[in-house]
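Comments concern the structure below.
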Amino acid sequence: MHPSKLKELYQQYQQVYAQEYDHIKGQKVGVLYAVIYRILDSDKTQADQICQDLGIEGNSKLKDDLYMLGNLIKNNLLNISKNTSQSPSGEQMINEDLYFIIIIIALGILLVDLFLKNRENTQLPLKSPIAPTPATPPKKSESASLCLVVPASVARKFTNNNPINQADIKDLIGNASYFLCTNDQKADSVQENLDLTDEKITDISEQREVYIRINIADGQDMIGKQISYTLKSNLPAHGQGVIRKIACIKYLSVLGLEEFNRI
């Protein structure tokens, strides 16, 4: 192994030791097992395979870990350059358990590197950081204007400024030939362009078209919907509305209906 590679691994060891020592400090068994799983924390399957292939167990003692790794290093690193510089001795500054743990962390990194290099197609993929998805702010409560064109036969029981329940709203949507759900300002503009008459709904034929505008509080989720099913499914929980305008449309007139969705 080239000296530059050893230097790279030693730097990696220092970084992992600084980050991970607190997690294994004082641990008497399964140290190497724990180190490998922490080094490969993003790939548990790879860690499982390493421990299974090499017989590394979660209840092994420090001496067993060192003995197994010593044989592994001896068998695989006979060609390490003899010119590799040695780090200054510091054994006198640490107790025996700490010394064992430091060695195991360093050898654990070497083990992972050797194992990954010697296994086919086992290089860990680099994972791009996932940017947190910004929270979608809740929609501001808004009154919706539901504008419908329906046959006179289903509109005769309704009158201006009276409440209407959810079931009747859904029934009118289901019978509409044209519909539009928008805000109050847009609905005012659209209504002005319609060709409405003062005829009484009870006096016209059942097939004549009638315009009904229903104001629905908290209906912001209905605004802009272009499918009748989504209008029904997005009705607010209270399901109530008020009929703001009901009037006959001039016979055969389509003036202003270009703004509507046609069924």
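The values are calculated or read from the model by the stated rules, or taken from the named source; none is laboratory data. Here the structure is a predicted model, which is why all the values come from computation and not from measurement. Positions of Cβ are generated from backbone atoms using ideal geometry, with glycine treated the same way; all protein chains shown enter the neighbour counts. Quick note on the areas: whole protein, heavy atoms, side chains included, nothing else; ligands and nucleic acids left out. Shrake-Rupley method; radii C 1.70, N 1.55, O 1.52, S 1.80 Å.
Under the classification rounded if a/c is under 1.5, otherwise prolate if a/b is larger than b/c and oblate if not, where does region 145-217 fall, given a ≥ b ≥ c as square roots of the Cα gyration tensor eigenvalues?
oblate
Where the accessible area of region 192-233 is counted over protein heavy atoms with a 1.4 Å probe, how much of it, in %, is carbon and sulfur?
C and S fraction of accessible area: 41 percent.
Name the shape class, rounded, prolate or oblate, that the alpha-carbon gyration tensor gives for region 188-263, where a ≥ b ≥ c are the square roots of its eigenvalues, rounded holds for a/c under 1.5, and otherwise prolate holds if a/b is larger than b/c and oblate otherwise.
Judged from the Cα gyration tensor, region 188-263 comes out prolate (a/c at least 1.5, a/b above b/c).
Given a Förster radius of 30 Å and the C-beta distance between HIS238 and ARG156 as r, what FRET efficiency does 1/(1 + (r/R0)^6) yield to the nearest 0.05?
0.75
If you stretched the chain out fully between ASP195 and GLN226, how much longer would it get, using 0.36 nm times the residue separation minus the C-alpha to C-alpha distance?
Here the answer is 8.9 nm.
Once fully extended, how much extra length lies between THR202 and GLU142, figured as 0.36 nm per residue of separation less the alpha-carbon to alpha-carbon distance?
18.3 nm
Can you tell me how much longer the chain between GLN185 and LYS170 gets when fully stretched, taken as 0.36 nm per residue apart minus their C-alpha distance, in nm with one decimal?
Extending this stretch completely gives an extra 3.1 nm.
Keeping all protein chains in place and using 1.4 angstrom, which order do THR230, THR202 fall into by accessible surface area, from largest down?
Ranking THR230, THR202 by accessible area, largest first, yields THR202, THR230.
Return the loop-located trypsin sites (Lys or Arg not before Pro) in region 136-243 (DSSP other than H, G, I, E, B) with at most 15 other Cβ atoms within 10 Å of their own Cβ; answer none if there are none.
Taking region 136-243 and a limit of 15 other Cβ atoms within 10 Å, the loop trypsin sites (Lys or Arg not before Pro) found are LYS139, LYS140, ARG156, LYS157, LYS200.
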